[in-house]
Amino acid sequence: MNEARPPRLARLLLRLVPLGERRPEVTADLHEAFLRRAESHGRRAAGRGYYRDVVSVLTDTPRRIFFSRPRPSRWPADAAADLGYAIRVFRRQPGAVIVAVAGLALAIAVGTSVFSLVYAIALRPYGMTDPDRVYRVGRTYEQGMSTSWTYAEFLRLRAATSVVDLTALFSDGVLVATSAEELRPSSQPVTFVTDNYLKMLGATAAHGRLFSASDSVPGQPPAAVVSYTYWERRFGRDSAIIGKTVWLSGTPSVVVGVAARGITGPTDRPPAFWLPLSAYEAIYRVPGSFTATSSEGVSVYARLPGDVTRERAQAELATVSTTLAAAPSAADAGPTRGLLARLDPADDRLGDSDSGVVVAVVAVVLTVVALILLLACANVANLQLASASARRREFGMRLALGAGRGRLVRQMLVESLLLGAGAGVVGLLLLGMILPMFATLAAAPESFDVAPDLRVYLFLAATAAAAGLGAGLMPARLAAKADVLSAAQGRAMRGGIAERPSRLRSLLVCGQAAASILLLVLAALLTRAMVHISSVDVGFAAESLAIITPSFPREGNRHKTIVQRGYFDVAIARARAVPGVEAATLTAYPPFSGVSESSQLTIDGRPVVLYWNYVSPNFFDVAGMRLVRGRGFTTAETAERVAVISESMAHVLWPGADPIGQVLDRVPGDAKGVRVIGVVADAITTRLTDNSGLMLYRPLMAEQLLGARVMVRAAAPGAVLASLERTIRSIEPGVRVGADTVADGLSAQLQPPRAFAAMAALVGAVALSLAVIGLFGVTSLLVGQRTREIGVRMAIGATIADVRRQMLRDSLRPVAIGLAVGLSLALAGGQFMAAALYGVSSRDPLALAAAVSVLGLAAFAAVAIPVQRVAQIDPARTLRAD
């Protein structure tokens, strides 16, 4: 039966009496009197007597106590005493402390690393001083709005504006090499800017200088300012880089400065280099670029001075843009249509169309981080529960000597917070090793600054404090429920309190197992999906193909003139002459290039996506695609309405019939339809995740030549890229040329699933480690606490094998329950992961079996090792010691 307790209201009244140091003594005397009355006269009479005693104490308290000057607070001394006692407690059980700190530190380091990576890529504010004063200048027109201006429009707008400082930028990519002989330069983002751009951001130079007006003078090597992050990661913080030459897409450029750390500008992908807009012509060999008459598109930004409001700047820009809209433009000798300026915040990433994706990704990542931290907190709570259960006699004696229950609660919280602080320090040390590993797995670009900043360190500190506090709540509650009399006398707690730690420990172990199996199932499914997508047969010789992409200047009709002069005929002929090239062809949409054309059709009542491509007659031979029926195109059919379709499309449209000669009248953009002349084997050329196989090929006609690319077949396409790029570039100096392999495009599509699988595997390994650490630590403590029980059982005839089996059953039962619960949750929530699993069911039996087996074996090993210590227990010595 539960011990009788005085009425709650009477106890509250007693707390209001300022008894000072006499409180424990007076409280104990009143409680003892209440128990005597309860035994002799019953609880009601005892309660009435307790009220009388409290009133007597209240009336007998000298008035000077109520009105005396308050004594100085003792909490600093009490906190120091609690801290010293916690350290002495930890010294008596160093193994448990090391296990708790190690597991919690690992979880904190992993969680902070994931947060730092997501924060750097998706959440970190754009690097610029006073970003609230920087706005993107957009334009509105009848059909909608745009953020792009021609360079000629920007010059006119800047010349007519007086209250704001305007700047322009153009983002692109270049191949960066540190020497002219480097064979495979790395592709990096760059931003071409006006002279005042970096100053508009509020940037300063960490080394060297920023741009000046002299850097825009034509005829000299382009000046480059390197970002701090790229300088740190690629050049090893070499301060001698100032004045050195780097090759950007084969053009020598002189590094004049290194921007201060944190400067990125309003771009989603921070640049590795900033270059003047005038350098575009030299790097891409496009004469006349970014002049007063050029029509290249730029993004325009404005910084508002401190005394200019957004409304005032908006009003002036609207007036100026309206005036300029009616005036003739030097670029097109006519009025600039739709030139109506507007100001929008520069940093509005969460306001665009991708905000839902960003929020979803951040939510999933933070959920995984929370699960890991909960696992670690459960470990610490389990160990502290076991420790609190073993210390119940200590709690009882402290209560008997006058300590309040609040002091015991505070002591347990101080111990858990001390564990959290120690784990935070160790986690900070581990962060330096784990964060680069995560950045590598996620393939974070070199220009991204993933290094921790103040916000990340605050996240780590808050996580450590929350983990320490959360892990100590249940042990603190147990300490508050300590039984004074029974604990002091060494008897079992009454009312089932002794059994409560065991139930709480089992509940925590069950939760650990459930969370661990969820993370392991996620890792197993993503790994299976990655293996499956990596082994997909794309249906053509992707490893032997290279793509040459020409970009024509857009001034006037110059691009059309270049094509009409037979540019691609010359390009094909010269590409075939390059040593190592076996064949060459033209295509509008190269495989895995990120560009394609598609439409949705309804067949038999269900929607299907149809992809199509425009290709030259020898495209199928060059790509290595197998013709199943019919034939390919001939040179004479380039203007005919004929098509080659894929096998899957033939089966869908004409099941069981011969598709050759059939007319397909549902081709977008062609009301008269096309005649099928051939069937080619299915091939995946757009996205690996889209294997429907519905593909239609049509002859490449004159109107598609402006966007065509040259595709070549070679035994080693990577080795001929540089030669191909130089050869094609020499045809027309004004045409920019890029070169890449199809295998690189395929690898780029494989990178996200590989990164997700690798990170999920690492997170699953961490979860498994935390579960093993927790089970091992708790089982070790329990074996030590149950030494007497085990000795008694062995003394009355139990064998070591019997005791081991019983200990294993007791320890693994909550694991099995948690495993079943977690597996049920994984099966129920599989539909939320289905979108990320290519070719693998969310209930894939192999992945589920692997996750269950790994956790089961690891849990058995974690429990079996400490259980082996049962053999070392001597029953006779144990009973004598008792």
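The values are calculated or read from the model by the stated rules, or taken from the named source; none is laboratory data. Predicted model, so just to flag it, every value in this text is computed and none were measured. Cβ coordinates were reconstructed from backbone atoms using ideal geometry, including for glycine residues, and neighbour counts include every protein chain displayed. What goes into the accessible areas is simple: the full protein's heavy atoms, side chains included, and nothing from ligands, DNA or RNA. Shrake-Rupley method; radii C 1.70, N 1.55, O 1.52, S 1.80 Å.
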> Across segment 296-317, which residue is farthest from Arg233 (Cα to Cα) among those that are among the small types (Gly, Ala, Ser) and open to solvent by less than 20 Å² (accessible area, probe 1.4 Å)?
Replying inline: Ala313
> Quick check: anything in segment 193-203 hydrophobic (A, V, I, L, M, F, W, C) and farther than 30 Å from Arg312 by Cβ?
Replying inline: no
> Taking Trp274 and the conditions (1) modelled with pLDDT of 70 or more; (2) part of a helix (DSSP H, G or I); (3) surrounded by 23 or more Cβ atoms within 10 Å (Cβ to Cβ), which numbered condition does it fall short on, given that it satisfies the others?
Replying inline: (2)
>> Out of everything in segment 1-27 that is more than 22 Å from Gly42 (Cβ to Cβ), among the aliphatic types (A, V, I, L, M) and not in a loop (DSSP other than H, G, I, E, B), what residue ends up being modelled with the lowest pLDDT?
In response: Leu16
>> When you check Ser299 against the structure, is it of a type in the set (Gly, Ala, Ser), closer than 30 Å to Ser321 by Cα and in a strand (DSSP E or B), yes or no?
In response: yes
> What do you reckon, is Glu703 in a helix (DSSP H, G or I) and surrounded by 19 or more Cβ atoms within 10 Å (Cβ to Cβ)?
Replying inline: no
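Residue by residue, here is whether (1) touching a helix residue (DSSP H, G or I) at 6+ places or on another chain (Cβ under 7 Å); (2) under 19 Å from Ala541 (Cβ atoms); (3) outside any loop (DSSP other than H, G, I, E, B) holds:
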| position | (1), (2), (3) |
| --- | --- |
| Leu610 | no, no, yes |
| Asn613 | no, yes, yes |
| Met625 | no, yes, no |
| Ala639 | no, no, no |
| Ser648 | no, no, yes |
> Would you pick out the residues in segment 252-262 that are within 30 Å of Leu724 (Cα to Cα) and either open to solvent by 50 Å² or more (accessible area, probe 1.4 Å) or without any contact (Cβ under 8 Å) to a residue 24 or more places away in the chain (or both)?
Replying inline: Pro252
>> Of everything in segment 83-99, what is under 40 Å from the mean Cα position of the chain (by Cα) and over 18 Å from Leu385 (Cα atoms)? Give them in sequence order.
In response: Leu83
>> Pairs needed: first member in segment 190-209, over 24 Å from Ala177 (Cα atoms); second member anywhere, hydrophobic (A, V, I, L, M, F, W, C) and in a helix (DSSP H, G or I); C-beta distance under 7 Å; at least 6 residues apart or different chains.
In response: Asp195/Ala213
> If Asp621 passes every condition in (1) of a type in the set (Asp, Glu); (2) under 44 Å from the mean Cα position of the chain (by Cα); (3) within 19 Å of Tyr611 (Cβ to Cβ) but one, which one does it miss?
Replying inline: (3)
>> For the structure I just gave you, tell me whether Ser747 is touching a residue at least 60 places away in the same chain (Cβ under 8 Å) and hydroxyl-bearing (Ser, Thr, Tyr).
In response: no
> If you check Leu413, Leu371, Leu383, Leu458, which single one turns out to be of a type in the set (A, V, I, L, M, F, W, C), in a helix (DSSP H, G or I) and modelled with pLDDT under 75?
Replying inline: Leu383
> of a type outside the set (S, T, N, Q), modelled with pLDDT of 75 or more and open to solvent by 40 Å² or more (accessible area, probe 1.4 Å), is that true of Arg36?
Replying inline: yes
> For Val663, are the conditions met, namely being closer than 23 Å to Phe540 by Cβ and among the β-branched types (Val, Ile, Thr)?
Replying inline: no
> For Gln704, all conditions in the list (1) under 39 Å from the mean Cα position of the chain (by Cα); (2) within 24 Å of Val570 (Cβ to Cβ) hold save one; what is the number of the exception?
Replying inline: (1)
>> Looking at Arg565 and the list (1) closer than 18 Å to Ser730 by Cβ; (2) at pLDDT 80 or above; (3) surrounded by fewer than 21 Cβ atoms within 10 Å (Cβ to Cβ), which single condition is not satisfied?
In response: (2)
>> So if I check each of Thr323, Thr293, which one is part of a helix (DSSP H, G or I), open to solvent by 50 Å² or more (accessible area, probe 1.4 Å) and either at pLDDT below 80 or in contact with a Phe, Trp or Tyr (Cβ under 9 Å, 6 or more places away or on another chain) (or both)?
In response: Thr323
>> I'd like the full set of residues that are open to solvent by 20 Å² or more (accessible area, probe 1.4 Å) and of a type outside the set (D, E, K, R), limited to segment 230-246.
In response: Phe235, Gly236, Ser239, Ala240, Ile242, Gly243, Thr245
> For segment 77-107, what are the residues that are closer than 16 Å to Asn382 by Cα, open to solvent by 40 Å² or more (accessible area, probe 1.4 Å) and part of a helix (DSSP H, G or I)?
Replying inline: Pro94, Gly95, Ile98, Ala102
> Can you pull out the residues in segment 509-539 that are part of a loop (DSSP other than H, G, I, E, B) and open to solvent by less than 20 Å² (accessible area, probe 1.4 Å)?
Replying inline: Val538
>> Checking the conditions here, which among Ala722, Ala755, Ala715, Ala748 is surrounded by fewer than 21 Cβ atoms within 10 Å (Cβ to Cβ), hydrophobic (A, V, I, L, M, F, W, C) and at pLDDT 85 or above?
In response: Ala715
> Looking at segment 715-729, is at least one residue in contact with a helix residue (DSSP H, G or I) (Cβ under 9 Å, 6 or more places away or on another chain), more than 30 Å from Leu441 (Cα to Cα), assigned to a helix (DSSP H, G or I) and not hydroxyl-bearing (Ser, Thr, Tyr)?
Replying inline: yes
>> Out of everything in segment 163-187 that is farther than 19 Å from Thr147 by Cβ and open to solvent by less than 10 Å² (accessible area, probe 1.4 Å), what residue ends up being modelled with the highest pLDDT?
In response: Val176
> Picking from Ser212, Ser216, Ser227, Ser249, which residue would you name as being closer than 22 Å to Leu157 by Cα and either among the basic types (Lys, Arg) or crowded, with 16+ Cβ neighbours inside 10 Å (or both)?
Replying inline: Ser216
> Scanning for something at negative phi, modelled with pLDDT under 80 and within 36 Å of the chain's Cα centre (by Cα), does segment 55-76 turn up at least one residue?
Replying inline: no
>> The conditions are (1) small (Gly, Ala, Ser); (2) over 24 Å from the mean Cα position of the chain (by Cα); (3) open to solvent by 40 Å² or more (accessible area, probe 1.4 Å), and Gly738 fails exactly one of them. Which is it?
In response: (3)
